[in-house]
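The values are calculated or read from the model by the stated rules, or taken from the named source; none is laboratory data. Computed from a predicted structure; not experimentally measured. Here the Cβ is made from the backbone with ideal geometry for all residues, glycine too, and neighbour counts use every protein chain on show.
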Amino acid sequence: MTETNAPRILLAEDEEAMRAYLARALTNAGYRVETVDRGTDALPLLESERFDLLLSDIVMPEMDGIELAQRCAEISPSTKVMFITGFAAVSLRASREQPAAKVLSKPFHLRDLVLEVERVFEEQREARV
């Protein structure tokens with residue numbers, strides 16, 4: 001996988017340390033990662049650039065991850081969505097409102113995150129075949 005055709009991930013996470021940690025792990029796994037610290041900052045990127053995956057925390061200021069995912073579906077329907085959250089009740093809401101999205105609950109191991117992201121892209125490749 002070359003740098004130019006590596007899948008692009010938009011990571012929306014309001015906690016700076018977690019955002020840096022996740023971005024580094026995904027970059028090391030071969031993905032091209034853009035990061036934002038809130039959903040409202042993700043929207044202009046979704047409108048102007050192409051992303052293969054939106055990886056979003058659910059609980060964020062200004063716009064939560066579920067609303068961001070709904071807006072993403074309107075703006076960029078081909079972008080897959082995956083949520084990360086530390087709140088079980090929020091995870092249930094996300095599963096109900098965005099049934100196609102994978103929800104990964106914190107704490108999780110970086111290896112698990114990378115495996116889930118790889119699984120999303122594998123499903124996408126199989127759907128095209």
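Checking 42, 6 one by one, the residue that is aliphatic (A, V, I, L, M), in a loop (DSSP other than H, G, I, E, B) and farther than 20 Å from residue 107 by Cα is 6 and no other. Being within 16 Å of residue 10 (Cβ to Cβ) and either in a helix (DSSP H, G or I) or without any contact (Cβ under 8 Å) to a residue 24 or more places away in the chain (or both): is that true of residue 92 here? No. The number of residues in the range 9-28 being touching a Leu at 6+ places or on another chain (Cβ under 9 Å) and part of a loop (DSSP other than H, G, I, E, B) comes to 1.
Residue 33 meets the conditions (1) in a strand (DSSP E or B); (2) farther than 18 Å from residue 5 by Cβ in every case but one. The failed one is (2).
Taking the numbered list (1) assigned to a loop (DSSP other than H, G, I, E, B); (2) over 20 Å from residue 20 (Cα atoms); (3) modelled with pLDDT of 90 or more; (4) of a type outside the set (S, T, N, Q) in turn, residue 100 passes all entries but (3).
The set of residues in the range 45-58 that are part of a helix (DSSP H, G or I) and touching an Asp or Glu at 6+ places or on another chain (Cβ under 7 Å) contains only 45.
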